[in-house]
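Derivation of every value follows stated rules applied to the coordinates shown; laboratory data play no part. Since the model is a prediction, treat every value here as computed from it, not as a measurement. Every residue, glycine among them, receives a Cβ derived from its backbone with ideal geometry; neighbour counts consider all protein chains shown.
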Amino acid sequence: MRRRRRIKPQDAELDITSFMNLMIVLVPVLLLSLVFSQVRILNLQLPIGARDSSQEDSETKILELVINKQSLALNYPAGVLLKQFEHNEQGYDFSALSTYLQDLKLTFQQQNIDKNDIVILLAADVDYQTLVTAMDTVRSFEAVVAANLVDAELFPLISLGDAPEGLSNETSADISVKHSTNSESEG
């Protein structure tokens, strides 16, 4: 009988040096190309009406932006319509709003009025993206200064609130007319 010789299997050595070199190069490259999410936080202020009245001795005029499904209405002082921007097929005209706010800010500066706060009043049926776009529009605008594009400040102190009831059925002009007639009848 023939004896079978068992061949002892040799332990195979894995050469992972080239793989380790690949990982040493690949990991930093992937980390450098990774885009981390950028979270922006806007500080919101309490509306002036919600503050303690003893803190404010003099009555300040409030700049309001009332947003509903039909239009954007800019009021100054509160309840008195300055300008209304109608909603059309393309949506709200935020560029016209920004231009008007830039002119208003310039007017405030010329009259030595230090105004940097605004109250945004929303109807219940206004979507979130409209709110975010409105906040970006009233906060700042892009301006060219010394051949560089910078964000110029408009009204960075933003307060949020609910639009007056019944605003969806009436226009802001109707409400401001009612407000002014009520003020005249009381006085």
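Using the Karplus curve 6.51 cos²θ - 1.76 cosθ + 1.60 with θ = phi - 60°, work out ³J(HN,Hα) for each residue of segment 7-13 in order, rounded to whole Hz, and write x for Gly and Pro.
Along segment 7-13, the couplings run 8, 6, x, 8, 5, 7, 9 Hz.
Given N residues in segment 64-171, what is its alpha carbon radius of gyration divided by 2.2 N^0.38 Å?
1.08
Could you order the peptides 23-30, 83-90 from most to least packed, using the average number of other C-beta atoms within 10 Å per residue?
The most tightly packed comes first, giving 83-90, 23-30.
If amide H atoms are built 1.01 Å from N in the plane of the peptide, which residues on other chains or at least 5 residues away come under 5 Å of the amide H of SER159?
So SER159 has HN proximity to GLN45, ILE118, VAL119, ILE120.
Which ³J(HN,Hα) values in Hz, rounded to whole numbers, follow from the phi angles of segment 105-116 under the Karplus curve 6.51 cos²θ - 1.76 cosθ + 1.60, where θ = phi - 60° and Gly and Pro get x?
Each residue of segment 105-116 in turn: 4, 5, 4, 4, 5, 5, 8, 6, 9, 8, 10, 9 Hz.
If R₀ is 35 angstrom, what is the calculated FRET efficiency for the pair ALA96 and VAL35, using the beta carbon separation as r and rounding to 0.05?
Result of the calculation: an efficiency of 0.55.
What ranking of TYR100, TYR128, TYR92 emerges when the number of other C-beta atoms within 10 Å of each C-beta is taken as an exposure proxy, fewest first?
TYR128, TYR100, TYR92
What is the gain in length, in nm to one decimal, between ARG5 and VAL80 on full extension, counting 0.36 nm per residue of separation less the C-alpha to C-alpha distance?
Computed gain between ARG5 and VAL80 is 16.5 nm.
Taking R0 as 22 Å, what FRET efficiency do you get between ASP103 and SER140 from their Cβ-Cβ distance, rounded to the nearest 0.05?
With R0 = 22 Å, the Cβ-Cβ based efficiency is 0.90.
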